[in-house]
Amino acid sequence: MTKVAVIGAGSWGTAFAVVLADAGNDVTLGTPDRARRGDQLDPREPRYLPGMTLPDNICATSDVAAAMAGAEAVVFATPSQTFRENLSHWAPHIPEKAVMVSLMKGVELGTLKRMSEVIAEVTGAGPERIAVISGPNLAKEIARREPAASVVACADETVAKWLQDMCHGPAFRPYTSTDVVGCELGGAYKNVVGLAVGMAVGLGFGDNTTASVITRGLAETARLASALGANPLTLMGLAGLGDLVATCSSPLSRNRTFGEKLGQGMTTEEIYASTRQVAEGAKSCSSLRALAEANGVDAPIATAVDLVVAGKITAREMMQAFIARDTKAETD
C-alpha cells in the first residue's frame, strides 16, 4: 500500500483522493484552508462535494506537514495563482524522495511558469520527481465513480508508470506520457476556451458557434504548445481534446459556467462574489495571453477572453471580433 498525501481539499483534490483510495492507497487529505479559516467542522466532510462520504482509507487533517510525513507521493490540488507562496511554506516538509504531482491547470501570473516549473524552482527537485495529471476529469463525476480516463505525465517514463499503477482504479483509467509541457498547456488553455464557449452560450448562441470556438481553441492551444516544444499529438488526446470537450460541454465546468455569466452580462467582480470556487481560466487568461505573445504565437481567443474578464470589452463584442478577423487557410 502506497502512502500518498493530497494537499488541497477542493472538489478536484477531494475527488482525486477518492480515486487513490479506491486504487488501494493509504491517503491523507491535507486541508490547509480549514486551518486558515479556523474551521471546526469534521475535516473528513467534503466541503465542496456535499453529501459524499470519504472512503475509510482516507484520513484528513489541516496540518499539511503531518499530511506529508512519510508520503511516497505528494499531490497538489490548490489554486495555481497562490501555489508558489503556499509551496514555499510546505517545501521543507516534503519527504526527500517523494514524487510531486500537480493536478493544477494554470499558468502563473508574472512569471508565466507552468505549475511543474514552479515546483522545480521552489523545491529544487529534478524532472524525475515532478509529474502532472490532466484530462477530462470533472470532479463531481469522478467522485460519483463514473468511468473516466486521464494522462499521467513525467519526464521519467518509469515514474509515470509507477504513478499510473498507483491511481488505476475500478472507474479511473490513466495513460502515461513524457510530454509534461503538452499536458500542462492543454489543461490550462482549455479553461480559457471554456470561458469563451460559456460566453457564447450565455449570449444564446447554439452548437455551430460553440463547435467553432472549441475547434479554433484547440488549434490555438496546439500552436502555443508546439512553440514551447510539446508534441502536437498530445493536444489530440485526453489532456488536450478530451479535457477541452468536457470543459466546454458540461454545466459542471466552473469555467464554462463563469463564461455563461459573463455572456449574460455579469461582471467578473459580481461572479467572484457569487461563488466560492475558482475558475482557473479567469485567473490564467492574461498569463496565457502573455505567454503566447512572448513566443510570437497568434492567440485571438486568449486575448479576447482576457479583455472580457478585465471588463474592457463585452462578450458580444468578443464574438463580433472573432467573425470580423481576416480570413485565412484553416491550417495557418
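Going by what's in this entry, would residue 261 be described as among the basic types (Lys, Arg) and under 19 Å from residue 80 (Cβ atoms)? For residue 261, the condition - among the basic types (Lys, Arg) and under 19 Å from residue 80 (Cβ atoms) - is not met. Taking segment 280-332 and the helices (runs of 4 or more DSSP H) fully enclosed by it, the elements with 3 or more residues that are of a type outside the set (Ser, Thr, Tyr), more than 17 Å from residue 202 (Cα to Cα) and within 20 Å of the chain's Cα centre (by Cα) are at 280-294. The set of residues in segment 163-203 being assigned to a helix (DSSP H, G or I), polar (S, T, N, Q) and in contact with a Gly (Cβ under 9 Å, 6 or more places away or on another chain) consists of 191 alone. For the condition in the same structural domain as residue 84 (by TED's automatic domain parsing), assigned to a helix (DSSP H, G or I), within 27 Å of residue 85 (Cα to Cα) and touching a Gly at 6+ places or on another chain (Cβ under 9 Å), residue 160 does not qualify. Would you confirm whether any residue within segment 78-96 is surrounded by 18 or more Cβ atoms within 10 Å (Cβ to Cβ), touching a Phe, Trp or Tyr at 6+ places or on another chain (Cβ under 9 Å), within 25 Å of residue 280 (Cα to Cα) and of a type in the set (Val, Ile, Thr)? Within segment 78-96, not a single residue is surrounded by 18 or more Cβ atoms within 10 Å (Cβ to Cβ), touching a Phe, Trp or Tyr at 6+ places or on another chain (Cβ under 9 Å), within 25 Å of residue 280 (Cα to Cα) and of a type in the set (Val, Ile, Thr).
Taking each residue of segment 237-249 that is in contact (Cβ under 8 Å) with a residue 24 or more places away in the chain and hydroxyl-bearing (Ser, Thr, Tyr) and looking for partners that are assigned to a helix (DSSP H, G or I) and crowded, with 21+ Cβ neighbours inside 10 Å with beta-carbon atoms closer than 6 Å, six or more apart or interchain, yields 247/190; 247/194; 247/255.
Which of the residues spanning segment 199-218 are within 20 Å of the chain's Cα centre (by Cα) and surrounded by fewer than 16 Cβ atoms within 10 Å (Cβ to Cβ)? Hit for segment 199-218 is 215, nothing else. Taken together, 330, 293 contain a single residue that is of a type outside the set (S, T, N, Q), out of contact with any helix residue (DSSP H, G or I) (no Cβ under 7 Å at 6 or more places or on another chain) and assigned by TED's automatic domain parsing to the domain that holds residue 212, which is 293.
Among the residues of segment 257-279, what is the count of those that are without any contact (Cβ under 8 Å) to a residue 24 or more places away in the chain and either in a helix (DSSP H, G or I) or aromatic (Phe, Trp, Tyr) (or both)? Qualifying residue count, segment 257-279: 6. Does residue 143 count as within 19 Å of the chain's Cα centre (by Cα), at pLDDT below 95 and in the same structural domain as residue 31 (by TED's automatic domain parsing)? For residue 143, the condition - within 19 Å of the chain's Cα centre (by Cα), at pLDDT below 95 and in the same structural domain as residue 31 (by TED's automatic domain parsing) - is met.
Highlighted here are the helices (runs of 4 or more DSSP H) found entirely within segment 40-134 that include at least 1 residues which are among the acidic types (Asp, Glu): 83-90, 115-123. So, of the residues in segment 149-159 that are touching a strand residue (DSSP E or B) at 6+ places or on another chain (Cβ under 8 Å) and farther than 15 Å from residue 135 by Cα, which turns out to be surrounded by the fewest Cβ atoms within 10 Å (Cβ to Cβ)? Checking each candidate, the answer is 157.
The values are calculated or read from the model by the stated rules, or taken from the named source; none is laboratory data. What you see is a predicted model, and the numbers here were worked out from it, not measured in a lab. Here Cβ is always computed from backbone atoms with ideal geometry, including for glycine, and neighbour counts include all displayed protein chains.
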